[in-house]
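> Here's a structure for you.
The values are calculated or read from the model by the stated rules, or taken from the named source; none is laboratory data. Only a predicted model underlies this, so the values are computations on that prediction, with no experimental measurement involved. Backbone-built Cβ (ideal geometry, glycine too); neighbour counts: all protein chains shown.
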Amino acid sequence: MSRPRSESEYLAHLIPPSVAAAGLSRRGFLKGTLSAGAAVSLSSLLAACGGGDGGGGSASQEVTFGSNQSDAVPKKAYADMLAASGLTVKVNTVDHEGFQENINNYLQGNPDDVFTWFAGYRMRFFAAQGLVGDLSDVWGGLSGFSEAFKQASTGDDGKQYFVPLTIYPWAIFYRKSVWEEKGYQPPKTLDELVTLAKQMQKDGLVPIAFADKDGWPAMGTFDQLNLRINGYQFHVDLMAGKQAWDSPQVKKVFDTWRGLLPYHQKDALGRDWQEAAQSLLKKESGMYLLGMFVGQQFPKGKEQDDLDFFAFPEIDPAIGTGAIEAPIDGFMMRAKPKNEEGAKQLLKYLGTAKAENIALKADPTVIGASSEADTASYTTLQKKAVEFIGSAESIAQFLDRDTRPDFAATVMLPGIQSFLKNPNDVDGLTKSLESQKKSIFTS
Amino acid sequence: MSDLPTVPTAPAEAAAPRRRGGRVRVTGTDRIFLALMVIIPTVMVVGWVWLPAIASVVLSFARWSGVGGLDTIQWIGTENYKNVFTNYPPFAPALRHNVIWLVFLFVLPTLFGIFLAVLLDRELRGTRFYQTAFFLPVVLSLALIGFIWQLIYSRDQGLLNAVLGTQVDWYGDSRVNLWAVLVAAGWKHAGYIMLLYLAGLKGVDPSLREAATVDGAGQVRTFFSVVLPVMRPINIIVIVVTVIESLRAFDIVWVINKGTNGLELISTLVTANVVGEASRIGFGSALATIMLVISLVFITIFLSTVMRGERR
């Protein structure tokens with residue numbers, strides 16, 4: 001089995017130096033803008049060429065595009081981005097979760113030429129099954145992606161199957177204005193986090209906003225604790241089924257979590273993340289552990305600028321805080337697309353800074369994957385995310401992106417929910433998780 | 001059974017004096033017509049009901065990710081069933097919830113729907129209005145029903161908590177959410193039963209009631225001794241509809257939280273395992289087969305009751 005090996009390898013190297021290099025220095029800005037400009041002219045040239053050789057008909061022919069960006073803001077960003085490709089693109093938008101759930105049927109039926117997906121276990125699985133097209137020659141024409149992103153786009157057979165667009169971090173988010181007013185400081189250790197949470201309770205705030213009605217947001221909390229307590233490599237092995245779920249390491253994660261539950265917003269299982277984000281927006285809660293998309297619930301401008309974040313604090317000094325979670329979103333191509341030339345041309349365009357810049361304009365809660373993306377227009381939050389991801393030692397994707405989807409959906413999702421309902425039976429829970437894992441990972 | 005179904009090709013008067021088992025003249029066109037009448041429904045039932053059902057049963061003994069050809073199927077015997085019963089924590093609650101669902105629908109919404117029908121049948125003022133009001137939930141789309149009840153049940157912004165001044169997490173607390181959902185489902189079910197029953201009541205010959213009144217029976221006695229027995233076919237339909245509704249209960253729960261956290265039903269587990277990204281086809285098929293067996297028990301009981309009744 002080469003899968004776990006390559007997973008650990010690619011994830012271990014997943015520090016985009018581009019992102020690190022971009023930093024906040026003036027030189028970084030200049031470089032970014034310059035290369036962005038170059039990319040723009042290059043891609044417009046490409047587009048012009050495509051339009052020119054109408055004889056081949058690839059560019060004038062329609063390319064179909066399956067999009068999971070069903071929310072109003074990103075949907076418009078994608079429409080703008082695709083409109084600027086110079087190709088005739090027919091977009092088929094499906095509700096975000098529905099798209100993900102039906103991906104098997106979608107890919108085995110009649111999928112669109114190009115469609116949205118994300119890096120991780122599932123991308124490599126589809127590649128191994130021959131359901132998606134080889135994009136190695138597209139990658140040959142791409143510039144601006146670091147080796148780490150190329151690795152993240154590579155299947156088990158060493159070919160590329162994925163073109164990254166954006167990346168966003170998971171961290172603890174808070175409102176600067178509230179923290180300044182109350183004099184809070186970002187905690188560096190778990191003890192400091194608990195002290196801060198107690199202070200917040202005294203000040204009449206819910207310390208940590210929390211929601212898990214849909215079952216996946218709490219996986220983020222599990223991942224953060226696991227990365228801090230057991231480290232990155234353990235996360236990778238656990239997700240690959242190589243570590244036991246009833247091990248003392250996993251029990252410690254749940255035990256630590258139980259200690260923090262009194263500071264979490266109550267009745268999380270009846271709340272969706274949008275509602276929890278609203279409580280942060282309304283200054284009813286002090287912080288929220290979520291992906292940077294939490295910013296989508298904050299009105300643009302003053303409110304969004306008020307949002308800041310810090311890395312989940314250190315729990316074990318030997319492990320540190322070097323490991324973070326930052327999922328990558330991007331595109332894949334179906335196997336044997338109807339308009340292969342057009343699809344590849346579109347993907348080549350989607351891998352340019354020009355495409356990223358348009359997509360980023362509408363959604364300031366992600367950052368571009370390409371080092372050539374224009375960082376000058378980034379918000380303070382985005383700039384901080386660039387720095388945060390750039391300085392990470394290792395980057396995980398997310399529980400349900402790093403492991404088998406059947407295990408994530410039918411075992412971990414109800415498992416974590418039952419932990420939140422009854423946090424006291426960690427032994428029983430971990431034993432059940434392990435025995436279910438064995439029944440699934442045998443195939 | 002006779003070799004050919006008896007078809008009233010001749011006028012009713014002519015058919016009436018004929019003895020049972022008598023011959024009916026069948027022309028060539030009739031034969032073709034009859035053959036088509038038999039073949040088309042058979043093909044449809046076999047193709048769309050029996051083949052998928054049998055495929056589910058067969059697949060329940062396999063392990064298959066649903067991706068790739070049929071040659072990637074691994075046969076693993078009864079392991080899926082073993083896992084369902086011993087190694088799948090959501091299964092036991094799901095089974096329990098289906099039973100609760102059935103009992104609840106019978107005891108409250110069905111009886112309430114019948115009660116409403118009887119009241120509305122008495123031509124109160126504004127009967128039409130009430131009829132429409134009670135039937136409205138049946139017409140509404142499920143997404144809308146989910147939305148309406150979300151407004152009522154939301155923990156932080158909901159109507160119910162605002163009125164009662166409580167902080168109950170109606171959808172999230174697994175001790176209450178099943179009952180909260182049952183109220184929502186019952187709201188819909190009562191209207192449905194009401195309409196069915198009302199239609200039946202309208203068909204009851206008024207002279208029967210008059211006769212009962214003349215004989216000195218009161219309102220209650222008339223209903224239980226005269227109307228109810230006459231309504232037997234409708235009663236059976238109501239029972240069948242209720243059983244079916246509770247076995248296929250799925251959508252409202254799926255809209256709320258995909259059937260997790262206290263709202264597990266066998267149907268949602270099947271969907272989560274087969275239709276979703278998970279693709280545990282074999283495991284999901286085992287769940288579906290269990291559901292099929294449970295349904296068969298009810299169908300057998302129902303059919304045997306009906307047939308016994310008809311023979312009488």
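> Among helices (runs of 4 or more DSSP H) lying entirely in the range A:95-192, which contain 1 or more residues that are of a type in the set (Val, Ile, Thr) and in contact (Cβ under 8 Å) with a residue 60 or more places away in the chain?
Qualifying helices (runs of 4 or more DSSP H): A:136-140, A:176-182.
> Listed residues B:117, B:184, B:199; which is closer than 24 Å to residue B:263 by Cβ and modelled with pLDDT of 85 or more?
Only one candidate passes the filter, namely B:184.
> Could you go through the range B:287-300 and let me know if any residue there is in contact with a Phe, Trp or Tyr (Cβ under 7 Å, 6 or more places away or on another chain), within 14 Å of chain A (Cβ to nearest Cβ), closer than 25 Å to residue B:56 by Cβ and not polar (S, T, N, Q).
no
> Spot the failing condition for residue A:290; the list is (1) in a strand (DSSP E or B); (2) on the phi > 0 side of the Ramachandran plot, and only one is missed.
Condition (2) is where residue A:290 drops out.
> Another question about this same structure. Which members of the range A:63-122 meet the condition of being within 14 Å of another protein chain (Cβ to nearest Cβ), in contact with an Asp or Glu (Cβ under 9 Å, 6 or more places away or on another chain) and surrounded by fewer than 19 Cβ atoms within 10 Å (Cβ to Cβ)?
A:96, A:97, A:102, listed by residue number.
> Considering only residues that are touching a Gly at 6+ places or on another chain (Cβ under 9 Å), part of a helix (DSSP H, G or I) and not polar (S, T, N, Q), which ones fall in the range B:22-66?
Across the range B:22-66, the qualifying residue is only B:59.
> Please state which one of B:281, B:266, B:256 is more than 21 Å from residue B:78 (Cβ to Cβ) and of a type in the set (A, V, I, L, M).
Every option except B:256 fails the conditions.
Results for (1) surrounded by fewer than 23 Cβ atoms within 10 Å (Cβ to Cβ); (2) not assigned by TED's automatic domain parsing to the domain that holds residue A:260, shown as yes or no for each residue.
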{"position": "A:398", "(1), (2)": "yes, yes"}
{"position": "A:408", "(1), (2)": "no, no"}
{"position": "A:423", "(1), (2)": "yes, no"}
{"position": "A:429", "(1), (2)": "yes, no"}
{"position": "A:432", "(1), (2)": "yes, no"}
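> Please verify whether the range A:332-346 includes one or more residues that are in contact with a helix residue (DSSP H, G or I) (Cβ under 6 Å, 6 or more places away or on another chain), assigned by TED's automatic domain parsing to the domain that holds residue A:113 and farther than 21 Å from residue A:100 by Cα.
Yes, the range A:332-346 contains at least one residue that is in contact with a helix residue (DSSP H, G or I) (Cβ under 6 Å, 6 or more places away or on another chain), assigned by TED's automatic domain parsing to the domain that holds residue A:113 and farther than 21 Å from residue A:100 by Cα.
> Being out of contact with any Cys (no Cβ under 9 Å at 6 or more places or on another chain) and either assigned by TED's automatic domain parsing to the domain that holds residue A:71 or on the phi > 0 side of the Ramachandran plot (or both) is true for just one of A:358, A:319. Which residue is that?
The unique qualifying residue is A:358.
> Please work out if residue A:381 is among the hydrophobic types (A, V, I, L, M, F, W, C) and more than 29 Å from residue A:173 (Cα to Cα).
So residue A:381 does not fit the description; no.
> Take the residues in the range B:236-278 that are away from every other protein chain (no Cβ under 11 Å) and among the acidic types (Asp, Glu); name whichever of them is surrounded by the most Cβ atoms within 10 Å (Cβ to Cβ).
Ranking the qualifying residues of the range B:236-278, first place goes to B:245.
> Could I ask something else about it? Please enumerate the residues belonging to the range A:336-354 that are at pLDDT 90 or above and among the small types (Gly, Ala, Ser).
Those that are at pLDDT 90 or above and among the small types (Gly, Ala, Ser): A:342, A:343, A:351.
> Consider residue A:357 against the criteria (1) in contact with a Lys or Arg (Cβ under 8 Å, 6 or more places away or on another chain); (2) closer than 27 Å to residue A:147 by Cβ; (3) away from every other protein chain (no Cβ under 14 Å): it satisfies all of them except one. Which criterion is unmet?
Evaluating residue A:357 over (1) in contact with a Lys or Arg (Cβ under 8 Å, 6 or more places away or on another chain); (2) closer than 27 Å to residue A:147 by Cβ; (3) away from every other protein chain (no Cβ under 14 Å) leaves (1) as the failure.
> Looking for something surrounded by fewer than 24 Cβ atoms within 10 Å (Cβ to Cβ), outside the structural domain of residue A:187 (by TED's automatic domain parsing), of a type in the set (Gly, Ala, Ser) and more than 21 Å from the chain's Cα centre (by Cα) - is there at least one such residue anywhere in the range A:292-308?
no
> Now a separate question. With (1) farther than 24 Å from residue A:264 by Cα; (2) under 24 Å from the mean Cα position of the chain (by Cα); (3) crowded, with 16+ Cβ neighbours inside 10 Å; (4) of a type outside the set (Ser, Thr, Tyr) as the list, and residue A:414 as the residue in question, which single condition is left unmet?
(1)
> Would it be correct to say that residue A:345 is away from chain B (no Cβ under 14 Å), assigned to a helix (DSSP H, G or I), in contact with a strand residue (DSSP E or B) (Cβ under 7 Å, 6 or more places away or on another chain) and surrounded by 20 or more Cβ atoms within 10 Å (Cβ to Cβ)?
Criteria not met by residue A:345.
> While we're looking at this one, here's another question. Residues that are assigned by TED's automatic domain parsing to the domain that holds residue B:203 and either basic (Lys, Arg) or touching a Phe, Trp or Tyr at 6+ places or on another chain (Cβ under 6 Å) (or both): find the helices (runs of 4 or more DSSP H) completely inside the range B:76-120 holding 2 or more of those. If you could, list the steps in order and put the result at the bottom.
Numbers: elements: B:79-86, B:91-105, B:111-120.
It comes to B:111-120.
> Quick check on my filter: what residues within the range A:301-334 are of a type outside the set (D, E, K, R), assigned to a loop (DSSP other than H, G, I, E, B), modelled with pLDDT of 90 or more and out of contact with any Ser or Thr (no Cβ under 8 Å at 6 or more places or on another chain)?
A:317, A:318, A:319, A:320, A:321, A:326, A:327
> Right, next: Given (1) away from chain A (no Cβ under 14 Å); (2) touching a residue at least 40 places away in the same chain (Cβ under 8 Å); (3) in a loop (DSSP other than H, G, I, E, B); (4) of a type outside the set (A, V, I, L, M, F, W, C), where does residue B:216 come up short, assuming only one miss?
Only one criterion is unmet by residue B:216, namely (2).
> Out of the residues in the range A:123-147 that are small (Gly, Ala, Ser) and in contact with a Pro (Cβ under 8 Å, 6 or more places away or on another chain), which is surrounded by the most Cβ atoms within 10 Å (Cβ to Cβ)?
First, pick out the residues of the range A:123-147 that are small (Gly, Ala, Ser): A:127-128, A:130, A:133, A:136, A:140-141, A:143-144, A:146.
Of the ones still in play, those that are also in contact with a Pro (Cβ under 8 Å, 6 or more places away or on another chain) are A:133, A:146.
Details: A:133: 22, A:146: 20.
My answer is A:133.
> Can you tell me how many residues within the range A:402-441 are closer than 20 Å to residue B:284 by Cα, at the interface with another protein chain (Cβ under 10 Å from one of its Cβ atoms) and aliphatic (A, V, I, L, M)?
Total satisfying the criteria: 6.
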